[in-house]
1. If you take the C-alpha gyration tensor of segment 2-117, multiply each eigenvalue by 5 and take the square root, what semi-axes do you get, largest first, in whole Å?
2. What's the ranking of 49-57, 102-110, 90-98 by average number of surrounding C-beta atoms within 10 Å, highest first?
3. Sum -39500 (n - 2.57) across every DSSP H segment of at least 4 residues in the chain, then divide by the residue count to get the 222 nm mean residue ellipticity, nearest 500.
Amino acid sequence: MAVQRTFSIIKPDATKRNITGKIVSKLEEGGLRVVASKRIHMTEAQAGDFYAVHKERPFYQDLVNFMISGPVVVQVLEGEDAIAKNREIMGATNPADAAAGTIRAEFAESIEANSVHGSDGEDTAAEEIKFFFTDAEIVG
Ligand code: IDP
Ligand code: MG
């Protein structure tokens, strides 16, 4: 497998509880490297666009409201097979289904407030990175 980049968000439930460092440690221990990072407070328009793929889902507006309820940390992660590896370290969407030791099993509060986002494929990774970062902000 080749070295890849993927996009990650530490969500408001985690920034609120001051556990961004614990989450980054999990990612680093899993073999991923943070090559870009910034703490931002998303606007409603940004969160709505970012999650546009879920527009028809019943939880869409709640999800947007949650994502703008506090600051988030957006980051680019790099490593071997980074897209799948990040998803593995994150665990399943619903923390009740997440494997032991994953970020969501250890830290998520609910299926919505589940502490982290991670891109689900090569195309979405590229799009999501571009949504938040310029090339100059990514420093491997
Ligand atoms: P993922 O984050 O594991 O890729 P997605 O299905 O892409 O999961 O959903 C995006 C986000 O929407 C989830 O991380 C979670 O915050 C929220 N979400 C997903 N399913 C539900 C649900 O059934 N109820 C409330 N929020 C949900
Ligand atoms: Mg997803």
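1. Working: eigenvalues 92, 51, 40 Å².
Equivalent-ellipsoid dimensions as semi-axes: 21, 16, 14 Å.
2. For the peptides 49-57, 102-110, 90-98, the packing ranking is 102-110, 90-98, 49-57.
3. Computed mean residue ellipticity for the chain: -10500 deg cm²/dmol.
Throughout, read-outs are computed from the coordinates displayed, never taken from laboratory work. Because the structure is predicted, anything quoted here is derived from the model rather than measured. Cβ sites come from the backbone with ideal geometry, for glycine too, and all protein chains shown count toward neighbours.
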